[in-house]
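A short worksheet on the structure shown next.
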Amino acid sequence: RPVDDPARPGHDLVVVANRLPVDSRTLPDGATEWVTSPGGLVTAMESVMRTVDSGAWVGWAGSPGQEPDPFDADGMSLYPVRLDQEDIERYYEGFSNATLWPLYHDVIVDPEFHRTWWDSYVAANRRFARTAAPVANEGGTIWVHDYQLQLVPRLIREERADVRIGFFNHIPFPSVELFSQLPKRNQMLRGLLGADLIGFQRESDTQNFLAAVRKLLGYHVDGQTISVPGLGAAPVREVVAQTFPISIDSSKVSALTEDEEVRARAEQLREDLGHPRTIVLGVDRLDYTKGIRHRLKAWGELLGDGSVDPRETVMVQVATPSRERVEAYRQLRDEVELTVGRINGDHSSIGRPAVSYQHRSFDRRDMTALFMAADVVLVTALRDGMNLVAKEYVASRPDLHGVLVLSEFAGAADELRAAVMVNPHDIDELKAAILRAMAMPAEEQEEAMRSLRHQVMENDVQAWAHSFLQRLEHSGAEVREPKPT
Ligand code: GDG
């Protein structure tokens, strides 16, 4: 049922995500200011939504208890969903980020389960679904994003039989053995199966999901197509699970490198770091999935055994603050900062750090300048859905200089084959990969970077969204005769 208010017509495309693309912030005078919210999903979808005529975005505004009226920004209509302090603690920090996040990233830290967290997850998913359902036009499309909202497709389906519903999972989907640990695992699968199309980053994620549906629900699966029995007399629905590796706004990133001021910032960075011969860079949300500790361990050992000379080499580690109220993230921050302090204490000279550690956010232009200044970028994730940083580095190097060291556990490893691949759990292998990257001759760098750029520039985020939405348009078949399971 589209909204009746003629001042707020329904929308052809509605995105539902945990966060709105902007966060509200209350200024000292009580006024509200809106700023772009952080993270990979917003970076990706923002540029897609700009190309849509009648788009809406449903999500939380980033502060507890607030539910501002719907408003327009950047050519989109934004529909805020309220989350109270208790929802934030149980649905967001709890079930989403202390249960699902570690479980879906192969239990790098132990997932915690609490029934009150689950109750809150259900209630919050209902609130997102209730806000989103009436906003779409008759026959419109609703695209739900990520692990925080896995029940939303079914909840919307119960209200709107006429809309197409897509779901995209930005993080990995674990093997059925690990997924089976999740209390309420079948509710989670049934929630997702309310969608017509379910997208994953890597083929292995899609296969893991299909195996879970087959094994835990016993539904018939034929290739990518799942036959979902309807309730009562309702027909069987066909739901497709497919791989859509996400990307970045490649030409925009590449174009930024032509900007005189960004170039000057890159130069300035090199100068500020004391004109080292080699700059090695890491850019991550401060998250235990990103392998920052493994990277620092390798770096510390390379300095310790004399393979790397701190007088001519600097590591810059940007660690963007993230989920700071979740215990595992506090612990990680302490460990990372202790290690950085030790490395610098042992190896820095006065005024010249061995590791330049930045615990803060940088703007897009500074980020591009950093990529332009970096000779080597280290993406050492222990598990990562895709990893946009890897693609951003490649897009920032039209000069074909620079080496990407890439973990095989990041989704990007399926596409960026010309990177220096590494198993970050193997510290010796990681050290060797870093040294190889630092010593790579210019021609070899150019050849690898040319191949990487071909991949990233051809497959941008607009193409990703287009192929997902195209596929969604052709899905949603209803089959009257139930197929045997
Ligand atoms: C999830 C999945 C998947 C980081 N620090 C700053 C900053 N960033 C930007 C990066 C990049 C984005 O945030 C991070 O994206 P990632 O892909 O690296 O990682 P997650 O946040 O974990 O994203 C991931 C992604 O969703 C998309 O599907 O690839 O696997 O975990 O764009 O550049 N941006 C700015 N300042 C910072 O300090 N401006």
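Given H placed 1.01 Å from N in the peptide plane, which residues other than close sequence neighbours of residue 55 have an amide H under 5 Å from its amide H?
Amide H neighbours of residue 55, under 5 Å, 5+ apart: 77.
Per DSSP H run of n ≥ 4, the term is -39500 (n - 2.57); total these for the chain, divide by its residue number, and report the mean residue ellipticity at 222 nm rounded to 500 deg cm²/dmol.
-11000 deg cm²/dmol
What percent do you get for the relative contact order of the range 86-167 when only Cα pairs under 8 Å and 6+ apart count?
So the answer I get is 28 percent.
Excluding residue 392 itself, calculate the net charge of residues whose Cβ lies under 11 Å from the Cβ of residue 392, where each Lys or Arg counts +1 and each Asp or Glu counts -1.
+3
How far, in degrees from 0 to 90, does helix 292-304 lean away from the longest principal axis of the Cα atoms of the chain, to the nearest 10?
It works out to around 10 degrees.
Working from Cα positions, state the angle (0 to 90°, nearest 10) between the long axis of helix 461-473 and the longest principal axis of the chain.
That works out to roughly 20 degrees.
What does the extension gain come out to for residue 474 and residue 204, with contour length at 0.36 nm per residue minus their alpha carbon separation?
94.9 nm
Using alpha carbon centroids, what distance separates the range 166-218 and the range 260-339, in Å?
Between the Cα centre of the range 166-218 and that of the range 260-339, the gap is 34 Å.
Run the simple label-point estimate for residue 272 and residue 408 please: 7 Å along Cα→C-beta, distance reported in nm.
Each label point lies 7 Å from its Cα, and together they span 3.7 nm.
So what J values fall out for the range 124-139 if you push phi through Karplus, 6.51 cos²θ - 1.76 cosθ + 1.60 with θ = phi - 60°, rounded to Hz, Gly and Pro as x?
Here the 3J(HN,Hα) series is 5, 4, 4, 5, 5, 5, 5, 6, 6, 3, x, 7, 7, 5, 3, x Hz.
Assuming 0.36 nm per residue, please report the length gained on full extension of the stretch residue 312 to residue 325 beyond their Cα-Cα distance.
0.9 nm is the gain from fully extending residue 312 to residue 325.
In the range 428-462, which residues have a backbone nitrogen under 19 Å from the label point lying 7 Å from residue 346's Cα in the Cα-to-Cβ direction?
428-435
List, in order, the whole-Hz ³J(HN,Hα) value for each residue of the range 374-389 obtained from phi through the Karplus relation with A = 6.51, B = -1.76, C = 1.60 and θ = phi - 60°; use x for Gly and Pro.
Those phi angles translate into 7, 7, 9, 10, 9, 10, 10, 3, 7, 6, 7, x, 10, 5, 6, 4 Hz.
Could you pull out every residue, at least 5 positions away or on a different chain, whose amide H is within less than 5 Å of the one on residue 23? Hs are placed 1.01 Å off N in the peptide plane, and Pro or chain starts have none.
35, 36, 37
Output wanted: per-residue J couplings in Hz (rounded whole) for the range 165-171, from phi through Karplus 6.51 cos²θ - 1.76 cosθ + 1.60, θ = phi - 60°, x for Gly and Pro.
10, x, 9, 10, 9, 7, 10
Mark the label point 7 Å from the Cα of residue 161 along Cα→Cβ and return the residues of the range 114-147 whose backbone N is within less than 17 Å of it.
138-140
Highest first, please rank the peptides 403-410, 462-469, 98-105, 344-351 by the mean number of other Cβ atoms sitting within 10 Å of their residues.
Ranked by mean Cβ neighbours within 10 Å, highest first: 403-410, 98-105, 462-469, 344-351.
Using Cβ contacts closer than 10 Å as the measure, can you line up 220, 275 from fewest to most?
275, 220
How far apart, in nm, are the 7 Å Cα→Cβ label points at residue 400 and residue 263?
Between residue 400 and residue 263, the label points sit 1.9 nm apart.
If amide hydrogens are placed 1.01 Å from N in the peptide plane, which non-local residues have theirs closer than 5 Å to the one on residue 316?
Those qualifying (amide H under 5 Å, at least 5 residues apart or on another chain) are 280, 281, 282, 356.
Quick one: of the DSSP bridges fully inside the chain, what percent are antiparallel, nearest 5?
The answer is about 25 percent antiparallel.
Any chance you could tell me what percent of the C-alpha pair distances in the range 67-139 go past 18 Å?
Counting pairs separated by more than 18 Å, the tail of P(r) holds 52 percent.
Rule-based calculations on the coordinates, nothing more; no lab input. Predicted, not measured: the structure shown is a model, and the values here were computed from it. Cβ sites come from the backbone with ideal geometry, for glycine too, and all protein chains shown count toward neighbours.
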